[in-house]
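The values are calculated or read from the model by the stated rules, or taken from the named source; none is laboratory data. Model, not experiment: these values are computed from the prediction. Using ideal geometry, Cβ is built from the backbone for each residue, glycine included, and neighbour counts are taken over all protein chains shown.
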Amino acid sequence: MTLHVVLAATLAAASMQSGVATADDSVAAPPSVCAAAAAPFWRVRATDPELASALAEGVRRSATIAALVERIEASNGLVFLFRGPVYRFDGRTSVRGAMSHAVTVAPPFRVIRIKVDTRLGDRTIAVIAHELRHAVEVLDAPEARDRWSVEALYERIGYRVEKGLYETSAAHDAERDALRELSRCKPL
């Protein structure tokens, strides 16, 4: 358990013991969760200021995103976030985000590239959670070192949406959980 999670839980428990309740207690996360400071991170890197801001906001407002970043920090991965629309193989249909299966090995690191549409507000942050979950899936599998081994991984742990495009329930759960957390912890 990380320091910021322990601190948030301690402060939340203390506020519940005070016996003071408000109408918003059942809806909003305790302010301490929203204000918890995340440890500095360098293994997840945004390539532009808008995406860096969305990532920082996500780590601050979502325990799910903070936990995913923490797992990546403890891995041998480097994850780069790029901004822009993501198109499927047909070239016409766009999706909100995508992780490239072309993992690059630069010993001792595995480098993963993620592209995210940044025009979606809090949904952009939730998409970051979805794609970081995919990065964790790859980094948890030491054999996932190139496009073919990543696709073999997703054949095993996920399901094929179309040629070259896979999904996992865990990534959908991360996106949903992050969106819920974001709705409870508004931006400063």
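Taking into account only those residues within the stretch 126-178 that are at pLDDT below 95 and hydrophobic (A, V, I, L, M, F, W, C), which is nearest to V103 (Cα to Cα)? Among residues in the stretch 126-178 that are at pLDDT below 95 and hydrophobic (A, V, I, L, M, F, W, C), the one nearest to V103 (Cα to Cα) is L165. Taking each residue of the stretch 63-83 that is over 14 Å from H130 (Cα atoms) and modelled with pLDDT under 95 and looking for partners that are part of a helix (DSSP H, G or I) and not small (G, A, S) with beta-carbon atoms closer than 7 Å, six or more apart or interchain, yields R83/E50; R83/L51. Within the option set S149, S169, being hydroxyl-bearing (S, T, Y) and farther than 29 Å from A56 by Cα holds for one residue only, S149. May I ask you to list the residues in the stretch 108-157 that are in a strand (DSSP E or B) and β-branched (V, I, T)? Result: V111, I112, I114, V116.
The set of residues from the stretch 99-137 being touching a residue at least 40 places away in the same chain (Cβ under 8 Å), of a type in the set (V, I, T), surrounded by 19 or more Cβ atoms within 10 Å (Cβ to Cβ) and farther than 22 Å from K186 by Cα comprises V103, V136. Residues in the stretch 158-188 that are assigned to a helix (DSSP H, G or I) and in contact (Cβ under 8 Å) with a residue 60 or more places away in the chain: A174, D177, A178, E181, L182, S183, R184.
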